[in-house]
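Peer 1: So that we are looking at the same thing, I have put the structure below in structure tokens.
Read-outs throughout are calculated quantities, based only on the coordinates presented, and are distinct from any laboratory measurement. If you're wondering where the values come from, they're calculated on a predicted model, not measured in any experiment. Cβ atoms come from the backbone with ideal geometry, glycine included; neighbour counts cover every protein chain shown.
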Amino acid sequence: MLLRHTRAVFGWLRRRKAQTEAVHRSGPVAGWVSVWVGDLTDELDLDGYFYEFDEEHGLFKRGDDGGYCVKDSPQPLEALLESFFSSKTWLPALLELAEERGIHRASCAVIQFHYLHEPVAEAPGPLKFVGAVQIEARPGR
């Protein structure tokens, strides 16, 4: 009985891993920042979405090398993202990716430092993946 249960659990884990890999190949990688933006204007709505975010986009832990912001109305991406820690080192490269994807404005943003997100396909949900860029080293480091 225990062996059958163990096989069932491992079978479920293999299927879950395959489903996750079908959506993204992502994980912790030092020196990278991954950014998502959307049109949510209420912090409670974004907070509620975080329960689904892990499944759709990979691991995100607020307060653990990541952050988010929510504004009342859409803002130019540069204005929305420049408040994040060390944005001057990665923002220009990210704005280039956003331009390529036709993303110019958003009312919310989620970032994950030291995380390389590599989506296989665009995930559903209210957040769009803008891109992952390397965090440039600051002079003197």
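Peer 1: Taking 0.36 nm per intervening residue step and subtracting the Cα-Cα distance, what contour gain separates Arg101 from Ala121 on full extension? Could the numbers behind the result be given before it?
Peer 2: Numbers: separation 20, 0.36 × 20 = 7.20 nm, distance 1.38 nm.
Once the chain is fully extended between Arg101 and Ala121, it gains 5.8 nm.
Peer 1: Could I ask something else about it? Give me the number: length gained by fully extending Ile135 to Asp54, i.e. 0.36 nm times residue separation minus the C-alpha to C-alpha distance, one decimal in nm. The partial results should precede the final answer.
Peer 2: Numbers: separation 81, 0.36 × 81 = 29.16 nm, distance 2.26 nm.
Value of the extension gain: 26.9 nm.
Peer 1: Related question: Report the label-to-label distance for Glu43 and Lys88 in nanometres (one decimal), using points 7 Å from each Cα along the Cα→Cβ vector.
Peer 2: Taking the two extended label points, one gets 2.7 nm.
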